[in-house]
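The values are calculated or read from the model by the stated rules, or taken from the named source; none is laboratory data. Here the structure is a predicted model, which means the values were calculated and not measured. Reconstructed Cβ throughout: ideal geometry from the backbone, glycine too, with neighbour counts over all protein chains shown.
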């Protein structure tokens with residue numbers, strides 16, 4: 001069980017020790033924090049992404065609901081993997097022996 005002792009401004013809980021020592025964890029938490037408002041908009045019915053006034057128009061570059069949810073799930077899985085310390089081991093060298 002992970003004890004969260006900090007929250008971002010958008011309410012994403014995190015482990016302060018990991019946040020300060022692991023750059024990858026910090027990036028994942030910050031990405032989740034930046035994605036939280038978009039997820040909230042998408043889950044709340046979406047927001048207007050194109051406006052037209054007279055002969056002028058503006059279009060916001062917005063992710064689809066499916067893209068936001070996929071990105072959110074991927075980041076949450078990465079966050080949990082780092083918190084639980086289940087990083088895959090990396091082989092750096094193989095030594096063959098003739099015993």
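Scanning the stretch 23-44 for residues that are in contact with a helix residue (DSSP H, G or I) (Cβ under 9 Å, 6 or more places away or on another chain) and modelled with pLDDT under 90 yields 35, 36, 38, 39, 41, 42, 43. Residues in the stretch 76-91 that are in a loop (DSSP other than H, G, I, E, B) and either modelled with pLDDT of 80 or more or surrounded by 12 or more Cβ atoms within 10 Å (Cβ to Cβ) (or both): 1 in all. Just to be sure, is residue 73 in a helix (DSSP H, G or I), out of contact with any helix residue (DSSP H, G or I) (no Cβ under 8 Å at 6 or more places or on another chain) and at pLDDT 80 or above? Here the answer is yes, as residue 73 does meet what is asked.
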